[in-house]
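The values are calculated or read from the model by the stated rules, or taken from the named source; none is laboratory data. Every value quoted in this text rests on a predicted model; they were computed, and no experiment measured them. Positions of Cβ are generated from backbone atoms using ideal geometry, with glycine treated the same way; all protein chains shown enter the neighbour counts.
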Amino acid sequence: MKQKSSILALDWGKKYIGAAYVLEGTSIVFPIGYILNDAALIGALSEIVSRYRVRHIVIWLPHDDRAKGQIERFAKTLSRVTDEKMEIELVDEDYTSVQAWETTGNYKKNVAEDTIAAMIILERRLELNKK
């Protein structure tokens, strides 16, 4: 049986990047955890792309212009190191971090929120595709 490919969601942050995935044709979003945003980031993402057979990456895009520029540069870097068939999509973030904080009940920033925010981003993306 052929293994399904997946869609990966990333919640980019200066220190940590939250990650979650969904198998194509399904609607259950699974957490991957967080990735350190450091020199080993691209290698870590390459491993995730391979392990989960990622064919599409969704990255949150905030309304803040400074952060938006950083994330657009990150997406360009990803596009240069992934397969040319890999689709990289930037989507509006619209308070996913706030929703993640409410989910955990912890209003101090921590890595759990990055993972939950990635899950929320992917859930919203799936919901938009249903419409």
Out of all the residues in the range 21-28, is one or more without any contact (Cβ under 8 Å) to a residue 24 or more places away in the chain and either buried (at least 16 other Cβ atoms within 10 Å of the Cβ) or in a strand (DSSP E or B) (or both)? yes
Report those helices (runs of 4 or more DSSP H) wholly inside the range 47-131 carrying at least 1 residues which are among the aliphatic types (A, V, I, L, M), within 12 Å of the chain's Cα centre (by Cα) and at pLDDT below 80. none
Unique match (being more than 17 Å from residue 19 (Cα to Cα), touching a residue at least 12 places away in the same chain (Cβ under 8 Å) and aliphatic (A, V, I, L, M)) among 81, 54: 81
Looking at the range 29-46 only, could you name the residues that are assigned to a helix (DSSP H, G or I) and under 25 Å from residue 129 (Cβ atoms)? 45
